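All remarks here apply to the structure that follows.
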Amino acid sequence: MAMHDSGKRPWTFWFFAAFFVLFVIFLYGPMFVVYLLSFQGEGGGLTFPMNGVSTHWFGELVNPESRSGDIASSFQRSLGLGAMVAAITVFLSVAAGLGFRRRFLGSGVLFYIAIASLIMPGLFVGLGVNVFFSVLGWEPDWTTSGLGSQLTWTLPFGLLIMFAVLGRFNRSYEEAATDLGATPWQRLREVTLPILLPGIIGVALFGFTLSYDEFPRTVLTSGTENTLPITIWAMTTNVTSPALYALGTVTTLVSFAVVGTALGSIALISRRRRGGDST
Amino acid sequence: MNAPTNGNGRIEVMNVTKKFRDTTAVANLSLNIDHGSYCCLLGPSGCGKTTILRMIAGHESPSSGDVRIGGQSVVGLDPVQRGTAMMFQSYALFPHRSVIENVGFALKMRGASKDERNGKARELLQKVHMEKFANRLPAELSGGQQQRVALARALITNPRVLLLDEPLSALDEYLRLRMRGELRRVQKELGITFIHVTHTQLEAIAVADVVVVMTQGRIEQAATARDIYTAPRSAYVARFIGGQNVLTGVVEGVAGGLATVRNAEGARAQFPVDKANPAKGASLFAAIRRDRIHLTRNSTYRNGDELNAAVGIVHAIENQGTYVKVTLDLTTEEEFVAYMPDGEYFRDPIDIGDRVVARWDAQNLHLLEDASGGQQFAAADKDVALM
């Protein structure tokens, strides 16, 4: 809301500006309260007033003797699962996206089947996977059934992003590579993938963040070891200390770091290509 | 650029047809292009010229027929085995690679060492005066600079044939004129075959040894640039190349190699028919250069008063600097234009709305091959109704 040009705004400007401010408060206010309360003093409780300021509850998170359960391991599991989901989503979405550029028998049907899993209720996907595993006599685990359930959610997204990315991809780059003697593999490695890289990072980012806070598909499929969202859910029912808030602050920071790194690298790549510097 | 080239770049396109699903892009087309010549494929968009180019390049394969380079069939071979290189319409420089990496790309694919490919790339960049920009990215270059880099990149493999897909269309007018001269110079220096696709008539006439005018997947005329301009084969070519008025009418009689022809408006002209003896009542077509027309103000002349003349009303006047373009309305549907030398025009300027007689010398008419009709040239958008 810059106000350098002197005064003469119509009243509607101020009306909508106020509306926008309310909206921002509505969006970020609740989380801000959580961040603030995570610095609650040692003797403080789950609600205001602040009883001093400390980082005590952050320490509590990594204290294995605390009541809050094994947060550190859940956190590690969620990071690992997110990374696996991101990697598989990238691999399959890029491959499928490149493949779908050519019409083939049944490509339309295949596409809709792939996209349809977006509208399946997540909890039932998880339930189905769980039942399927028990029918086969397999033990559900976050690395198998959990991973699979999450992929039903991230793959359609990844595929849709790749469609958008490839829609803007000029095929004459590939033809030029072929013309200059590149084999199909060289063309993929030296030309196609590097040019698509910003979009691929986007797919990875989506895969990771969707997995990192996935709950409905994971809660019934993660087996005996929990991912972070499930641990947090459990904590809300039995942990009554501001450690919960501290956890909220830390996971938000992690999300921001991941998103920031991804967007930063995309921006860097496209600025280099648009000619930001001359190296 | 005296690098050795890889053999004979004679192109033979033999009875080639290319179909995309149910549309025919190229219909049973044959074309020979001599080694070391500069050939322009010219035509409106969708005429099949780019498809021909891509089939020679190996980015498209013919539905039937054969493509030979240097006497060898190349159908099914990849571009490297063909000894061709292509310059793409928007250059397709790899955005993530520097200029020198772009130019050296083909050598990298062949496993050349970094020193080797950078050395060769630098040599080529020097030849297109781009060595100062070796470390830039394509996005940091102007259109003309990108074109030079694309040229260097295509030439690094010493191709025997260079294929250029609308190489100048991304440039502004000034650069277009400069770069087309540059392309011609490079082609002369290398002595290899250039095939250049364009939809701009003057560009083709300016650079090419051989101009191939195409329409609807077939060749309308393939001839030297000069012949295309001064001796178009058909009304389509004459109209498409421009600079000519197309006249048509019905034969009244033939004498001494001249057919007297009368048009729908009653104007009469003599068409040189050589030894041919067209029947009375047959329709003939002829072209005459616009700078071979003389205009005189006249308020009483009526069509048919003289041979080789027609009367009309001045419709538009454009000063082109060295000449003045005067468009007449002869009440026929085809445009009729006279180019008057500026000196002659300004001695006694005629004005829009003036009634003028256009006269010409029968020797300057050039008979076109079109038989009765002209309707078979579906790509020509106007009916032929002029004298």
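The values are calculated or read from the model by the stated rules, or taken from the named source; none is laboratory data. Since we're looking at a predicted model, the values are computed, not measured. Because the Cβ atoms are built from the backbone with ideal geometry, glycine has one as well, and the counts that use them run over all protein chains shown. Calculation scope for accessible area: heavy atoms of the full protein, side chains included, ligands and nucleic acids excluded. Shrake-Rupley method; radii C 1.70, N 1.55, O 1.52, S 1.80 Å.
Which members of segment A:220-279 meet the condition of being within 14 Å of another protein chain (Cβ to nearest Cβ), surrounded by 14 or more Cβ atoms within 10 Å (Cβ to Cβ) and either under 28 Å from A:Thr144 (Cβ atoms) or modelled with pLDDT of 85 or more (or both)? Result: A:Ser265, A:Ile266. Of the residues examined, A:Gly80 is not one that is at negative phi, part of a helix (DSSP H, G or I) and crowded, with 21+ Cβ neighbours inside 10 Å. Of the strands (runs of 3 or more DSSP E) lying entirely inside segment B:297-374, those containing at least 2 residues that are open to solvent by 50 Å² or more (accessible area, probe 1.4 Å) span B:309-319, B:323-329, B:355-359. For segment B:144-158, the count of residues that are in a helix (DSSP H, G or I), more than 14 Å from every other protein chain (Cβ to nearest Cβ) and of a type outside the set (S, T, N, Q) is at least one. Screening B:Val103, B:Val75 for residues that are more than 9 Å from chain A (Cβ to nearest Cβ) and either closer than 26 Å to A:Leu197 by Cβ or open to solvent by less than 60 Å² (accessible area, probe 1.4 Å) (or both) leaves exactly one candidate, B:Val103. Taken together, the criteria place A:Ala177 among residues that are in a helix (DSSP H, G or I), touching an Asp or Glu at 6+ places or on another chain (Cβ under 9 Å) and at the interface with another protein chain (Cβ under 8 Å from one of its Cβ atoms). Inside segment B:26-51, residues that are buried (at least 24 other Cβ atoms within 10 Å of the Cβ), closer than 19 Å to B:Arg10 by Cβ and among the charged types (D, E, K, R) make up a count of 0. The condition of being open to solvent by less than 10 Å² (accessible area, probe 1.4 Å) and farther than 19 Å from B:Ala338 by Cα holds for only one of B:Ala259, B:Ala279, B:Ala267, B:Ala238, that being B:Ala259. Among residues of segment A:140-150 being surrounded by fewer than 21 Cβ atoms within 10 Å (Cβ to Cβ) and in a helix (DSSP H, G or I), the one that is farthest from the other protein chains (Cβ to nearest Cβ) is A:Thr144.
Residues that are farther than 28 Å from B:Leu137 by Cβ number at least 2 in the following strands (runs of 3 or more DSSP E) confined to segment B:1-120: B:11-20, B:23-33, B:38-42, B:64-69. If the condition is being away from chain A (no Cβ under 12 Å), among the charged types (D, E, K, R) and in contact with a Lys or Arg (Cβ under 9 Å, 6 or more places away or on another chain), then segment B:40-72 contributes only B:Arg68. If we scan segment B:214-224, do we find a residue that is among the hydroxyl-bearing types (Ser, Thr, Tyr), in contact with a Pro (Cβ under 8 Å, 6 or more places away or on another chain), in contact (Cβ under 8 Å) with a residue 12 or more places away in the chain and open to solvent by less than 30 Å² (accessible area, probe 1.4 Å)? Yes, some residue in segment B:214-224 is among the hydroxyl-bearing types (Ser, Thr, Tyr), in contact with a Pro (Cβ under 8 Å, 6 or more places away or on another chain), in contact (Cβ under 8 Å) with a residue 12 or more places away in the chain and open to solvent by less than 30 Å² (accessible area, probe 1.4 Å).
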